[in-house]
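Data block below; observations after.
The values are calculated or read from the model by the stated rules, or taken from the named source; none is laboratory data. Treat the numbers as computed from the prediction; the structure is a model and nothing was measured. Ideal geometry is used to build each Cβ from the backbone, glycine not excepted, and the neighbour counts take in all protein chains shown.
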Amino acid sequence: MSLTSKLFAALAATALAAPALAQEIHVLDTYARSASPTAKTGAAFMLIENIGDADDRLIGAASPAAQKVELHTHIEEGGVMKMVHVEEGFAVPAGEMLVLQRGGAHVMMMGLTESFEQGMIVPLTLVFEKSGEIVVDVSVDLTRKPEDGHGKGHGTGN
Ligand SMILES: [Cu+2]
């Protein structure tokens with residue numbers, strides 16, 4: 001499927017979804033990376049802030065840049081960090097911030113239609129239980145290092 005027809009498919013999906021309410025979800029500090037220039041998978045990281053009064057939940061994601069996009073996290077199993085698909089998504093409670101970061105929760109992009117290159121812009125649709133779909137442009141940053149102090153497990157939320 002070409003990028004254009006994928007984009008149309010994404011737009012058609014958007015039109016069918018419930019209309020979004022006033023946007024109370026803010027998506028900040030987005031970036032995406034892949035492990036190598038030829039990798040067929042990549043991941044996107046960001047901060048998702050809920051400034052509203054109602055709890056929400058990130059339940060899915062889609063992008064014309066990948067054949068399949070899933071919400072993933074890492075769990076420790078027998079001392080080894082393992083990546084798992086989180087089908088129920090991630091809660092974004094009212095007034096709180098969900099952190100998607102290396103070694104923790106992330107948006108996994110599988111079957112990249114083009115290899116990630118530094119500075120490339122990847123459109124990403126985030127699907128929320130209450131707020132509906134929010135489309136963000138994520139830029140590829142292959143040089144960014146994992147933040148200090150978040151080596152293991154989940155972040156501290158700041
Ligand atoms: Cu993953």
Could you name every one of the strands (runs of 3 or more DSSP E) located completely within segment 76-145 that has at least 1 residues being within 14 Å of the chain's Cα centre (by Cα) and over 17 Å from Gly42 (Cα atoms)?
90-92, 97-100, 121-128, 132-139
Only unsatisfied item for His85, checking (1) under 27 Å from Thr143 (Cβ atoms); (2) surrounded by fewer than 11 Cβ atoms within 10 Å (Cβ to Cβ), is (1)
Any residue in segment 51-59 that is in contact (Cβ under 8 Å) with a residue 40 or more places away in the chain, among the aliphatic types (A, V, I, L, M) and part of a strand (DSSP E or B)?
yes
Looking only at segment 51-76, which residues are of a type in the set (Lys, Arg) and either touching a Ser or Thr at 6+ places or on another chain (Cβ under 8 Å) or within 22 Å of Ser139 (Cα to Cα) (or both)?
Lys68
Give the residues of segment 59-68 that are surrounded by 18 or more Cβ atoms within 10 Å (Cβ to Cβ) and more than 12 Å from the ligand (Cβ to nearest atom), sorted by residue number.
Ala62, Ser63, Pro64, Ala65
Lone qualifier among Asp56, Asp29 - being surrounded by 15 or more Cβ atoms within 10 Å (Cβ to Cβ), away from the ligand (no atom under 15 Å from the Cβ), modelled with pLDDT of 95 or more and of a type in the set (D, E, K, R)
Asp56
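Examine segment 90-103 for a residue that is farther than 22 Å from Ile51 by Cα, within 14 Å of the ligand (Cβ to nearest atom) and at pLDDT below 95, and state whether such a residue exists. Lay out the reasoning, then the answer.
Filtering segment 90-103 for residues farther than 22 Å from Ile51 by Cα gives 102-103.
Pick out the ones that are also within 14 Å of the ligand (Cβ to nearest atom) and you get 102-103.
Adding the requirement that they be at pLDDT below 95 leaves 102-103.
Yes, segment 90-103 has at least one match.
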Suppose the filter is more than 16 Å from the ligand (Cβ to nearest atom) and of a type outside the set (Lys, Arg); does Leu71 pass it?
no
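Considering only segment 36-53, state which residues are farther than 22 Å from Met97 by Cα and within 11 Å of the ligand (Cβ to nearest atom).
Scanning segment 36-53 gives Thr41, Gly42.
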Filter segment 120-152 for residues that are at pLDDT below 90 and surrounded by 13 or more Cβ atoms within 10 Å (Cβ to Cβ) and give the result.
Glu147, His150
